[in-house]
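This report refers to the structure that appears directly beneath it.
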Amino acid sequence: MNRRTFIRTLSAGLIGATLPSGVHAAIKLSHQVRRKPNMDAHIRDYLAKIEHFDAPHPNDLYLDQKRMPLLSSTLRRLLKVQSTVGHGFFSLISIDQAIHTAGAYPSIGAFTREELDFLEMLFYKDGALYGFLGEKPLYKFTATIPVKDAMKIPGTGNYLFKGQSVQVYETIKKAIGPELILTSGVRSVTKQFMLFLNKAAQCNGNLSMASRSLAPPGYSYHAVGDFDVGQVGYGKRNFSRSFTDTPVFKELVESGFATLRYTRTNNFGVRFEPWHIKVA
Ligand SMILES: [Zn+2]
């Protein structure tokens, strides 16, 4: 199919949308019907989509291609803010702090009005338009994470929320030992924007495909307590299905710590994430 036929445009000129009908209700039934050969077509389609998350799908929504340069310039500026404030601290800063930092450093340059409008518009878009069906724990574009609420986890470059997140992590770490590492912790709106826009750029503006791997800004539970773990020395493969082959994952399952947010048949419209620990 010609890629242009995938691109539908809303009156806002940002994105186009087709949400498969009855997905929410259908997915609730997915566990029961999974083994049935005559499984309902749209459930089969949904499960295939989250299984093949990194492939385009006929109902995917693309950013208006005219906006791709805007996506690139916004992403570049966010990446410059990240290298200026440091990778660790970047995961805590709000949009207002990112705007302030960009304006204060000539090497970054202030966000343009167009870039800020673009970020704000994306933030307030309903994720369900892309096929992301989870809740939105952060509902304010300017949400802040008080530094005093977070704790840097030594040797990881990542922060966790004090309290339950740190307790869960320390319990898991104590049980599994030095082979287990925290690979991603607290993520502010700013950090989630950087990750999401980076993925959207890699996906050629396919916002649905991006949202099957990364929650759109505001929708990530990393902003309220969830975190990712991995196997020491496993690098990027910690964020792939092969993480399930590691001793760390096997121990997570055996010790009962694998309380996953995004299971194989999750109803969020998201890929299977065996590394993402549900806390919030
Ligand atoms: Zn995660």
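Coordinate-derived values only; no laboratory data. Being a predicted model, the structure only gives us computed values, none of them experimental. Here the Cβ is made from the backbone with ideal geometry for all residues, glycine too, and neighbour counts use every protein chain on show.
With the simple spin-label model, which puts each label point 7 Å out from Cα in the Cβ direction, the Q65 to L116 separation comes to 3.1 nm.
Computed from label points 7 Å out along Cα-Cβ, the spacing between S72 and S255 is 4.6 nm. If you average the sequence gap of Cα pairs under 8 Å that are 6 or more apart and divide by the length of the chain, what percent do you get for the contact order? It comes to 22 percent, rounded to a whole number.
Which of the peptides 246-258, 182-194 is most tightly packed, and how do the rest follow, judged by the mean count of other Cβ atoms within 10 Å per residue? Provide the component values of the computation, followed by the final result.
On the way: 246-258: 16.2, 182-194: 24.4.
Per-residue mean Cβ counts within 10 Å order the peptides as 182-194, 246-258.
Highest-first packing order for the peptide set 113-119, 228-234 is 228-234, 113-119, based on the mean count of other beta carbon atoms within 10 Å.
Sequentially through region 212-229, phi angles give Karplus couplings (6.51, -1.76, 1.60; θ = phi - 60°) of 6, 9, 9, 4, x, x, x, 9, 7, 6, 5, 7, 10, x, 5, 8, 10, 10 Hz, Gly and Pro residues having no value and appearing as x.
Taking amide H as placed 1.01 Å from N in the peptide plane, G269 has its amide H under 5 Å from the amide H of L133, each at least 5 places away in sequence or on another chain.
Shape of region 88-151 from the C-alpha gyration tensor: oblate (a/c of 1.5 or more and a/b not above b/c, with a ≥ b ≥ c the square roots of its eigenvalues). Comparing D149, D54, D226 in a Gaussian network model of the chain where C-alpha atoms under 10 Å apart are linked, the largest mean-square fluctuation is found at D149.
Using the alpha-carbon centroid of each, what span in Å lies between region 185-206 and region 253-280? Answer, in whole Å: 20. Highest mean first, the peptides 101-111, 199-209 sorted by other C-beta atoms within 10 Å per residue fall in the order 199-209, 101-111.
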